[in-house]
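Novice: I'd like to ask some things about the structure below.
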């Protein structure tokens with residue numbers, strides 16, 4: 001399967017960079033199966049960093065061969081997913097030893113709902129109810145060198 005990574009530069013060698021950004025699934029190298037979502041991420045990265053060119057790096061990944069990897073999969077946005085994302089977004093230092101985490105992405109469209117949940121205005125049930133119609137895209141987060149070894153760089157495309 002093809003996985004897409006949006007950035008302000010071509011990324012031909014994936015690596016895990018520690019960041020102070022609070023991301024859905026914590027530290028790791030993030031991908032999506034949506035080229036459109038990756039393009040949006042690349043444009044956002046250029047705006048945020050103020051440099052570079054929107055670039056989507058394309059990788060091949062055999063999602064049938066997860067041998068040797070410890071994986072966590074969230075098939076949908078549910079309470080378990082919401083709690084996991086919340087803990088990571090609030091930097092509650094979730095310690096886990098997953099090599100790969102797969103699940104829906106809380107993006108800019110969903111953040112108003114997530115923010116109301118953080119503020120205690122929405123409970124879990126209301127938050128999930130409001131998120132489900134938003135057609136959440138997916139994200140694949142490679143968190144270890146072992147997981148990154150499963151990726152094959154194909155090419156980078158600039159806008």
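The values are calculated or read from the model by the stated rules, or taken from the named source; none is laboratory data. All figures in this text were calculated on a predicted structure; none of them were measured in a lab. With ideal geometry, Cβ positions are generated from the backbone for all residues, glycine too; neighbour counts draw on all protein chains shown.
Novice: Among the residues of the range 114-142 satisfying the criterion of being at pLDDT below 85 and crowded, with 18+ Cβ neighbours inside 10 Å, which is farthest from residue 66 (Cα to Cα)?
Specialist: Filtering the range 114-142 for residues that are at pLDDT below 85 and crowded, with 18+ Cβ neighbours inside 10 Å, the one farthest from residue 66 (Cα to Cα) comes out as 114.
Novice: Of the residues that sit in the range 93-107 and are in a loop (DSSP other than H, G, I, E, B) and either at positive phi or in contact with a helix residue (DSSP H, G or I) (Cβ under 8 Å, 6 or more places away or on another chain) (or both), which one is modelled with the lowest pLDDT?
Specialist: The residue in question is 93.
Residue-wise test of (1) within 14 Å of residue 137 (Cβ to Cβ); (2) over 16 Å from the mean Cα position of the chain (by Cα).
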residue: 25; (1), (2): yes, no
residue: 37; (1), (2): yes, no
residue: 41; (1), (2): yes, no
residue: 46; (1), (2): no, yes
residue: 51; (1), (2): no, yes
residue: 57; (1), (2): no, no
residue: 72; (1), (2): no, no
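Novice: Inside the range 47-87, can you point out the residues that are outside any loop (DSSP other than H, G, I, E, B), surrounded by fewer than 19 Cβ atoms within 10 Å (Cβ to Cβ) and without any contact (Cβ under 8 Å) to a residue 60 or more places away in the chain?
Specialist: 47, 48, 49, 71, 72, 73, 79, 80, 83, 86, 87
Novice: Would you check if residue 6 is touching a helix residue (DSSP H, G or I) at 6+ places or on another chain (Cβ under 6 Å), modelled with pLDDT of 90 or more, within 16 Å of residue 156 (Cα to Cα) and not in a strand (DSSP E or B)?
Specialist: Spelling it out, it is not the case that residue 6 is touching a helix residue (DSSP H, G or I) at 6+ places or on another chain (Cβ under 6 Å), modelled with pLDDT of 90 or more, within 16 Å of residue 156 (Cα to Cα) and not in a strand (DSSP E or B).
Novice: Just to verify a result, which residue in the range 10-42, among those that are in contact with a strand residue (DSSP E or B) (Cβ under 6 Å, 6 or more places away or on another chain) and part of a loop (DSSP other than H, G, I, E, B), is surrounded by the most Cβ atoms within 10 Å (Cβ to Cβ)?
Specialist: My answer is 25.
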